[in-house]
Amino acid sequence: MDNRQSYLTLIGRRLAYLKAEVELLNSLNLTDINVYAENFYRDFFNLFGYEFENTNFIENNFAHIDLIDTKNKLAIQVTSQNDNKKIKEAIDGFYKDTNRKDYKLKLLLIAKDAKHYKTKFGNNFNHKEDVLDIKKILAVINNITDFDKIKSIADFLNEQVLQERKKTESNEVETIMALIEYLSKDDNRSISEKPENVDPQFKIYNRFSDHSVFLINLYSDLCTVYQQPLFEAKQGIDSVKAIKISNYLKDESDKILTAEANNPQIALERLVELFYGKLSENGIKFDKIAIKYYLLDELINCNVFPNN
């Protein structure tokens, strides 16, 4: 992958991450991030050569918009809503002041995708061009020919949205992180049937008879969501890397199991927290249940809590 493509990939991931975070927090009525988004997109668009200001900090406040570029006669409302009513209110409210007739107004959707709007909004507002979402922004960036500008956008996003993942102490952990990251994404999951026999060779029963029912039932339940994506994620792992991961997991999990007096339920929770801590240090949000399923799968394969 060349440098340009690497930067474009990073830009896409950072903007998608911010979009998802805004949508999640808004669903919980935690709207402080919307204020952050206004300043973020002010600085972001100014990388393209604009001179936006946040209207909240302008004495002569502008109703119905959040960002204003008086030099280029451009205004933007930053919103997490994409419904027709919201757009119509913004347009009518902004152009109610006749002094703004020379301005171009755009709506920036920070948590939703633009829809196919049938409403005639008026005021020369073309929803296909003037309602912006992350996909449209990425399309604009993809057409930039100036490599230095693409790099500057990527650097800005890398600093503001999500720090680059730190290098961990081993390649084995990096691979495990990649597997769990894949499992953590909703788009990669699909519902499947429960496996009929999780432990046909009685490996779990022979090692942890007192806890076998709990472990088998837990694994069986999680299989319906995570089994297929884990299978897909493991396709890119060669035999040498698989052996290294196996040895790493055996060493780490055995230490914890010994410390917890051979109680696999408690040890499993500690191992989940261990990996969750490692992953969180690198700025990526992971699904704890995905981590637990991955470790249970390795337990079935005797790579976690190996035989003494």
Subset of the range 119-146 (residues that are at pLDDT 85 or above and in a helix (DSSP H, G or I)): LYS128, GLU129, ASP130, ILE134, LYS135, LYS136, ILE137, LEU138, ALA139, VAL140, ILE141, ASN142
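Residues are listed down the side, and each one gets a yes or a no for (1) more than 27 Å from the chain's Cα centre (by Cα); (2) surrounded by fewer than 19 Cβ atoms within 10 Å (Cβ to Cβ); (3) not β-branched (Val, Ile, Thr):
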| position | (1), (2), (3) |
| --- | --- |
| ARG13 | no, yes, yes |
| ARG42 | no, no, yes |
| SER80 | no, no, yes |
| GLU89 | yes, yes, yes |
| ASP92 | yes, yes, yes |
| THR98 | yes, yes, no |
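Listed here are the residues, each with its yes/no results for (1) surrounded by 11 or more Cβ atoms within 10 Å (Cβ to Cβ); (2) under 30 Å from ASN3 (Cβ atoms).
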residue: TYR103; (1), (2): yes, no
residue: ILE110; (1), (2): yes, yes
residue: LYS118; (1), (2): no, no
residue: LEU132; (1), (2): yes, yes
residue: LYS135; (1), (2): yes, yes
residue: ASN143; (1), (2): no, yes
residue: LYS151; (1), (2): yes, yes
residue: ALA154; (1), (2): yes, yes
Take the conditions outside any loop (DSSP other than H, G, I, E, B) and over 30 Å from the mean Cα position of the chain (by Cα) and apply them to ILE150. Does it pass? no
State all residues of the range 58-88 that are within 22 Å of ILE33 (Cβ to Cβ), modelled with pLDDT under 90 and charged (D, E, K, R); if no residue qualifies, say none. ASP83, LYS86
Failed item, numbered, when PHE275 is tested on (1) under 17 Å from the mean Cα position of the chain (by Cα); (2) at pLDDT below 85; (3) part of a helix (DSSP H, G or I): (1)
If I ask for residues that are of a type in the set (S, T, N, Q) and in contact (Cβ under 8 Å) with a residue 12 or more places away in the chain, which ones from the range 195-229 would you list? SER212, SER220, THR224, GLN227, GLN228
Please tell me if ILE256 is touching a residue at least 40 places away in the same chain (Cβ under 8 Å), assigned by TED's automatic domain parsing to the domain that holds ASN206 and either surrounded by 15 or more Cβ atoms within 10 Å (Cβ to Cβ) or not basic (Lys, Arg) (or both). no
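The values are calculated or read from the model by the stated rules, or taken from the named source; none is laboratory data. A quick note: this is a predicted structure, and the numbers were derived from the prediction, not measured. Quick reminder, even Gly has a Cβ in these numbers, built from the backbone with ideal geometry, and neighbours come from all protein chains shown.
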